[in-house]
Structures are given as structure tokens and as C-alpha cells.
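Asks: Submitted below is the structure of interest, expressed as C-alpha cells.
The values are calculated or read from the model by the stated rules, or taken from the named source; none is laboratory data. Remember, it's a predicted structure, so these values are computed and weren't measured experimentally. Cβ placement follows ideal geometry from the backbone for every residue including glycine, while neighbour counts extend to all protein chains displayed.
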Amino acid sequence: MSVRVRPSAPEYKEVRIQSDMITLKCPNCGAESKLSFVEKDYVGPRRCWKCHEFFTIKIENNELKSCEPLSQEEFERQQEIEALKAKFKKPSSD
Ligand SMILES: [Zn+2]
């Protein structure tokens, strides 16, 4: 029985300038704000810098998919969830 070793395929080095900046336009007042994300998929709370409305934004593949109004209560709850998530994401200390 022979094991065929496949020659390693030439690797495609993808050189892409990734734009991780997203322009978020507030549906309430139209104010634009630029966000930068490490993850290309993101769902989380957000507050408009101008009108101070709360929103839930949803980003998929670096594109803003939705921006929904949020009550302050809900915003705070979501922030708590985000804080919890961040806690669990802590890099291992060893
Ligand atoms: Zn606004």
C-alpha cells in the first residue's frame, strides 16, 4: 500500500486591503459615524453620538445589515451581555 503524498499546492497569498471601517448612518438623525471592527460579523448595542438614540446594529461580512432602535433599558441589558462576553473571551493567562 502506498501513500500518495500530494505536492503542496502553491499557496495563494491573498493580498487584500481589508477595510474594517464601517460607516454607520443613524436612522434617526442621519449622523454618520465610522466604526472599526475586528470581527466582520457583529451584533451589538450602539449609541448615536449626535441624537443619543440607542440602536442594535448588525454587521455581516463588514456590511451593516440592520440598525434597530433600542430602548435605554434594552441597551443597558445588551451592554451587560457584551461585558459578560468580553469576560469569557479573556485570553488564557499561561
Ligand atoms: Zn442619531
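Asks: Within segment 32-71, work out how many residues are free of Cβ contacts under 8 Å to residues at least 12 places away in the same chain, of a type outside the set (Ser, Thr, Tyr) and touching a strand residue (DSSP E or B) at 6+ places or on another chain (Cβ under 7 Å).
Replies: 2
Asks: Residues that are surrounded by 12 or more Cβ atoms within 10 Å (Cβ to Cβ), at pLDDT below 90, more than 16 Å from the ligand (Cβ to nearest atom) and assigned to a helix (DSSP H, G or I): does segment 26-39 have at least one?
Replies: Among the residues of segment 26-39, not one is surrounded by 12 or more Cβ atoms within 10 Å (Cβ to Cβ), at pLDDT below 90, more than 16 Å from the ligand (Cβ to nearest atom) and assigned to a helix (DSSP H, G or I), which makes the answer no.
Asks: Next question, about the same structure. How many residues, within segment 50-67, are touching a Ser or Thr at 6+ places or on another chain (Cβ under 6 Å) and surrounded by fewer than 12 Cβ atoms within 10 Å (Cβ to Cβ)?
Replies: Qualifying residue count for the region: 0.
Asks: So Leu84 clears everything in (1) without any contact (Cβ under 8 Å) to a residue 12 or more places away in the chain; (2) over 18 Å from Pro27 (Cα atoms); (3) touching a strand residue (DSSP E or B) at 6+ places or on another chain (Cβ under 8 Å) except one condition, right? Which one?
Replies: The number of the failed condition is (3).
Asks: Something else now. Scan segment 68-94 for residues that are part of a helix (DSSP H, G or I), surrounded by 12 or more Cβ atoms within 10 Å (Cβ to Cβ), over 17 Å from the mean Cα position of the chain (by Cα) and of a type outside the set (Asp, Glu) and jot them down.
Replies: Hit for segment 68-94 is Arg77, nothing else.
Asks: Looking at segment 40-64, which of its residues are at pLDDT 90 or above, touching a Leu at 6+ places or on another chain (Cβ under 9 Å) and either more than 20 Å from Glu80 (Cα to Cα) or away from the ligand (no atom under 16 Å from the Cβ) (or both)?
Replies: Within segment 40-64, just Lys58 meets the criteria.
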